[in-house]
């Protein structure tokens, strides 16, 4: 027995496929528009960050602490004296903000090595 498909059923199936296809494409373009909008918003956010006000800029070039108006010292009377000082860019693992020097809270009196400096125990600088 050879049954022929009902033409009405085929038409309904074709209409459903066309409608769902359009919905699928609309959903994809909506997601694409959202992605583009998100990227644009992120760019504006990055631009706003770049335009932020600088409250303090400290480069540690020159004679630190006198050129910068800092007063440094060690508030812990026991143990090895340790306090803020400027150190070369090769000190430790963190880079400089600008120039060749950076400030380090145990720049004078640190433990360890210049490649791997450590704070003094109970340091209070």
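Numbers for the structure displayed
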quantity	calculated
Under the Debye formula (equal points on every Cα, no solvent term), log10 I(q)/I(0) of segment 58-125 at q = 0.12, 0.27 Å⁻¹	-0.30, -1.18
Packing-based ranking, highest mean first, of 51-61, 110-120, 80-90 given that Cβ atoms within 10 Å are counted	80-90, 110-120, 51-61
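Bear in mind that the values in this text are calculations on the coordinates, not laboratory data. Everything numeric in this text was worked out from a predicted model, so none of it was measured. So basically every Cβ, Gly included, is an ideal-geometry build from the backbone, and we count neighbours across all protein chains shown.
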